[in-house]
Structure formats: C-alpha cells, structure tokens
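Here's the structure, in structure tokens; my notes come after.
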Amino acid sequence: MTKLQQVKAIEISILVYPHLLITSLTLPIEMLRAGEAFAKSHRQQNEFKPLNINLVASSLKAIPNRTGLSIMPDCETVTAPVSDLIIVPGIWRNPRPVVSKQKSLVNWLGDSWQQGSHIIGVGTGNCLVAEAGLLDGHPATTHWHYAEQFKRDYPKVQLKPDFFITQSERMYTVASLNALADVIVHIISQYYGREAAQHVERNFSHEIRKPYEDQRYLEGAVDKHPDELIAQIQFWLKNNLTSELTLQEIAAQFSLSYRTFTRRFRQATSQTPVEYWQQLRVQTAKELLASSNLSIQEVALEVGYNDQGHLTRVFKKVLSQTPSEYRTVVRRKLFG
C-alpha cells in the first residue's frame, strides 16, 4: 500500500497540565490502544484506522505530577493536530488555580470544538471545558465533591450531579473513572465496532456494569415522561438497588413527601414506586442469572434482597418460575 493509499489515522489529543489525575490520562490511552490492537488483528488492512494519540500542553516543558511521574507533552496547542477526539483529564483537589493558568488550552478547546472535535471532560477537568463556554446551556456533570462550587462558578451550565455521564451532541462529561471507562468503550465501538468494544470491556471492566446508554443523560432525548425530578429518582433507583433506604427515606432525600412522591411517580410512569423498584430488581436479577455464575443467594444480595427465598417469591410472582428454572431455560437459549 502506498502512502497515498494509506487510511488516515484517528487523531486523539489528551490535554496535560499540572495536578491532573494521572489515571484519567493513562486509563483511556490503555483502553484505546487495546481496542486498536484488537481491530488491527481482526480487520482487513484497508479497513483499519490507526490511532495517533498526542499529549497537548501549553508548553513542551515536562509536567511534574503528584505521583512522582513527569509527563512529557508531545506538542503545544499551536502545533497540535486537528483532533477527532479530545480528552480533558480530571484535576486533583481545587481546579481553580489550574484553570486560571491554562488560557491557551481553554482557547484551543473552543477552537477545536468549532473544527468538529468530540470532547470528553473528566470530573473537575470539566471546569476547563466550562471555562471555554462549551457547556453553557447544556447538561454536564462533575465530581460530586465539587458540584456545589461548579454551580457557583458556571451558573449557565445545566449541572446534572446525579448522573455519571452526560452527552450533548459531540460533548461528553463524566463524573468518575468508571464512567470514563464506559464512555471509552462506547467510543471504541464507534471506531472499531461492537466486537472490539466488548473485548476491551471484558479486559478492563471485570465487574458487571450497566451499558453506556443506560447511564447517560442525553440532551434532547425524548423521555417517557417530562417530570425531570422523577427521572432523577428513577436513575438513582437504578444505580442503588442494594440501598437499605426505604422509599419514604428516598423521597425525603429528594425533598418530597412520600404522598407527593407516590402521586408524581404514578403520573409519570403509570407505576407505583414499589412496582417500579421491584421491576428493576427482577430485570437485573434476570441479567445476572443469564450472564454470571453467581449463586442464587449472591444474585439476591446483588439486587437488594436479603435472602434467596425473598428473590424466589418475587420471581415466581412476576415470572411464574423460580430463579433456578429461569437460569436453566435462558442458558439453554444462550448456549444450547
């Protein structure tokens, strides 16, 4: 293959600066490289697109890190390539001093967005994205510890602190490293397909996780109902199946009386909160029974029931079969 015939590389830039959370730099690189390696070995040569990953900084000086590892930038903003994807890592502790000294990176983010780049902001790294004005009027999340300060510093941003992931067109924001991993798996599926994404997910996320689409707040999505507070409570319930809080306590946590909570929930979903939470637990139990080797007792604990008997009673009521019977049938379908 001649140089003229070579497939153009996917350009990925990762911003680097003092006090960045180094795992939010290294984790996406390792995951992306794993996806690239899988695709290279499983695709035709003329279909494979390599990754060109650059660390972009305001200068080429080595950047010290609290881990003791120095970061060597590959290029400055003035020489950085036009990027398909930009990752903005998290920042240790108070991000304000870092943000105030990174005007060139902030300006470059704005210019890159205008040129069509996708951007992933991680935790408090989203302060740099917000500083560029790219989140004004759009949903975003950040590390939970900094949420209140973020609201004060960037009041034009629609902060969604109860979501680990938000997506607004080409803009992703994540609140944690686990959420970052989920978005990177999603990006790999777009670059290299579902098989490559599943390969990376199996190797980097050993625990059972919900897919990217189930976790995100997607701007412009048409929800099943318009009650945003109830939607937030639904999200909380999905991600806290093992919580020992009662529904009354959960309602109070969202500043609702239980009576109002029940009424609004039924209006929004046509279900009671009890029915909805039971449905979530049964659905998750079905997934675990189908895809894991956990015992029935372990599955019960994973979905918030104290013992196997409780899960069995609910299962028989909803599905007219026991968890063991369900596992036998579904695995016959999956593996038979």
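Label-to-label distance, Asn46 versus Glu30, with points set 7 angstrom from Cα along the beta-carbon direction: 3.7 nm.
Where only DSSP H runs of four or more residues are counted, the chain gives -14500 deg cm²/dmol as its mean residue ellipticity at 222 nm, each run worth -39500 (n - 2.57). For helix 273-291, report the angle its Cα long axis makes with the longest principal axis of the Cα atoms of the chain; keep it between 0 and 90° and round to the nearest 10°. Compared with the principal axis, the helix lies near 70 degrees. Here the calculated FRET efficiency for Met72 and Gln267, from their Cβ-Cβ distance with R0 = 51 Å, stands at 0.35, rounded to the nearest 0.05.
Inter-label distance, Gln114 to Glu275: 5.3 nm, where each label sits 7 Å from its Cα along the C-beta direction. Each label point was placed 7 Å from the Cα along the Cα-to-Cβ direction; for Ala9 and Glu287 their separation is 3.7 nm.
Expected output is a single nm value to one decimal: the length gained when fully extending between Ser295 and Gln321, i.e. 0.36 nm times separation in residues minus the C-alpha distance. What is it? Each step should come with its number before you reach the end.
Details: separation 26, 0.36 × 26 = 9.36 nm, distance 1.67 nm.
Between Ser295 and Gln321, full extension yields an extra 7.7 nm.
Expressed in nm to one decimal, what extension gain is obtained for the pair Leu60 and Asn107 from 0.36 nm per residue of sequence separation less their Cα-Cα distance? Can you show the working numbers first?
Values: separation 47, 0.36 × 47 = 16.92 nm, distance 1.74 nm.
Net length gain for the segment: 15.2 nm.
Normalising the average separation of contacting C-alpha pairs (under 8 angstrom, six or more residues apart) by the number of residues puts the relative contact order of the chain at 12 percent. Cut-off 10 angstrom, C-alpha nodes, Gaussian network model of the chain. Which of Ala285, Ala179, Ala57 fluctuates the most? Result for the chain, Cα springs under 10 Å: Ala285 fluctuates most.
Quote to one decimal, in nm, the extra length available between Glu244 and Gln232 on full extension: 0.36 nm per residue of separation minus the C-alpha distance between them. Write down the numbers at each step before the final one.
Numbers: separation 12, 0.36 × 12 = 4.32 nm, distance 1.85 nm.
Taking Glu244 through Gln232 to full extension adds about 2.5 nm, to one decimal.
Normalising by residue count, the range 36-126 has a Cα convex hull of 133 Å³ per residue. Farthest toward the positive end of the dipole of the chain, out of Met31, Ser291, Ser41, is the Cα of Ser291, where the dipole comes from beta carbon charges about the Cα centre.
Can you list the chymotrypsin sites (Phe, Trp or Tyr not before Pro) in the range 237-324 that are in a DSSP coil and have 15 or fewer other beta carbons within 10 angstrom? Kindly include the intermediate steps, with their values, before the conclusion.
Details: sites: Phe254, Tyr258, Phe261, Phe265, Tyr276, Trp277, Tyr305, Phe315; in loops: Phe254, Tyr305.
Those satisfying the criteria are Phe254.
For the range 80-122, the equivalent ellipsoid derived from the Cα gyration tensor has semi-axes of 21, 12, 7 Å, listed largest first. In the chain, the longest principal axis of the Cα atoms and the axis of helix 103-114 are about 70 degrees apart.
Just need the Rg to Rh number for the chain, please, alpha carbons only, Kirkwood Rh.
Numbers: Rg = 22.6 Å, Rh = 22.2 Å.
When Rh is taken as the Kirkwood radius, the ratio is 1.02.
Taken together, the values in this text are just the output of simple stated rules run on the coordinates, not laboratory data. Note that this is a predicted model, so its numbers are computed, not measured. Every residue, glycine as well, gets a Cβ built from its backbone with ideal geometry; the counts of neighbours run over all protein chains shown.
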